[in-house]
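Here's the structure, in structure tokens; my notes come after.
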Amino acid sequence: MPQKLIISIASDHAGFEMKNKIIDYLESNDFSLIDRGPANADSVDYPDFAKKVCNDIAEANANRGILICGSGQGMAMVANKHKGIRAALCVTNEMVELARAHNDANVLTIGARLVDESTAISFVDKFFSTPFEGDRHIERVKKIG
């Protein structure tokens with residue numbers, strides 16, 4: 001039986017609403033989740049929350065992560081500073097698919113101010129349904145660090 005994915009998810013205040021909608025969607029589809037906050041829409045510093053998700057992956061508490069902020073860019077920048085994290089800021093389903101298939105992305109970052117809820121959910125679906133192709137991409141991904 002394949003290993004069940006454990007997803008660590010967090011946002012900042014701008015992504016709080018979308019984070020909760022994604023959590024509802026994932027829970028209704030039987031995913032295991034770790035919600036790293038925040039607990040409300042009060043202003044917070046996105047690096048603090050990105051680090052929690054990255055630590056979950058580094059410590060093998062989670063297999064993949066989702067980070068949501070206003071643009072998705074800040075979360076991606078913070079996440080990609082962590083060893084072993086390959087965060088992909090995606091604005092199309094094709095970007096999500098290629099990030100998984102070619103780059104073995106393990107964190108999806110989403111801009112809550114750039115995409116609507118249904119688009120974000122389609123990104124999440126693509127992120128979890130697209131396998132890493134391996135093959136010629138393996139050596140390239142190893143060079144990322």
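The values are calculated or read from the model by the stated rules, or taken from the named source; none is laboratory data. What you see is a predicted model; the values in this text were computed from it and never measured. Because the Cβ atoms are built from the backbone with ideal geometry, glycine has one as well, and the counts that use them run over all protein chains shown. Just the protein is used for accessible areas: all its heavy atoms, side chains included, with ligands, DNA and RNA removed. Shrake-Rupley method; radii C 1.70, N 1.55, O 1.52, S 1.80 Å.
Residues of the stretch 118-145 that are under 15 Å from the mean Cα position of the chain (by Cα) and assigned to a helix (DSSP H, G or I): Thr119, Ala120, Ile121, Ser122, Phe123, Val124, Asp125, Lys126, Phe127, Phe128, Ser129.
Applying the selection to the stretch 22-44, what residues are part of a loop (DSSP other than H, G, I, E, B), open to solvent by less than 80 Å² (accessible area, probe 1.4 Å) and at pLDDT 95 or above? Give the derivation first.
Here is the first cut: in the stretch 22-44, the ones part of a loop (DSSP other than H, G, I, E, B) are 29-31, 36-44.
Filter once more, keeping what is open to solvent by less than 80 Å² (accessible area, probe 1.4 Å): 29, 31, 37-38, 40-41, 44.
Hits for the stretch 22-44 are Gly37, Pro38, Asn40, Ala41, Val44.
Would you check if there is a residue in the stretch 83-92 being of a type in the set (D, E, K, R) and within 20 Å of Asp56 (Cβ to Cβ)? Yes, the stretch 83-92 contains a residue that is of a type in the set (D, E, K, R) and within 20 Å of Asp56 (Cβ to Cβ). Among residues of the stretch 101-116 that are within 17 Å of Gly74 (Cβ to Cβ) and among the polar types (S, T, N, Q), those with a Cβ under 7 angstrom from a residue that is open to solvent by less than 10 Å² (accessible area, probe 1.4 Å) and in a strand (DSSP E or B), sequence gap 6+ or separate chain, pair up as Thr109/Leu67.
Within the stretch 51-64, which residues are closer than 19 Å to Ala120 by Cα and in contact with a Lys or Arg (Cβ under 9 Å, 6 or more places away or on another chain)?
Quick first cut of the stretch 51-64, residues closer than 19 Å to Ala120 by Cα only: 53, 64.
Once the filter is applied, which keeps residues that are closer than 19 Å to Ala120 by Cα and in contact with a Lys or Arg (Cβ under 9 Å, 6 or more places away or on another chain), the stretch 51-64 yields only Val53.
Only residues that are out of contact with any Gly (no Cβ under 6 Å at 6 or more places or on another chain) and buried (at least 18 other Cβ atoms within 10 Å of the Cβ) were counted in the stretch 53-69, giving 7. Filtered by the rule that a residue be in contact with a Gly (Cβ under 9 Å, 6 or more places away or on another chain) and open to solvent by less than 40 Å² (accessible area, probe 1.4 Å), the stretch 71-103 gives Gly72, Met75, Ala79, Gly84, Ile85, Ala87, Cys90.
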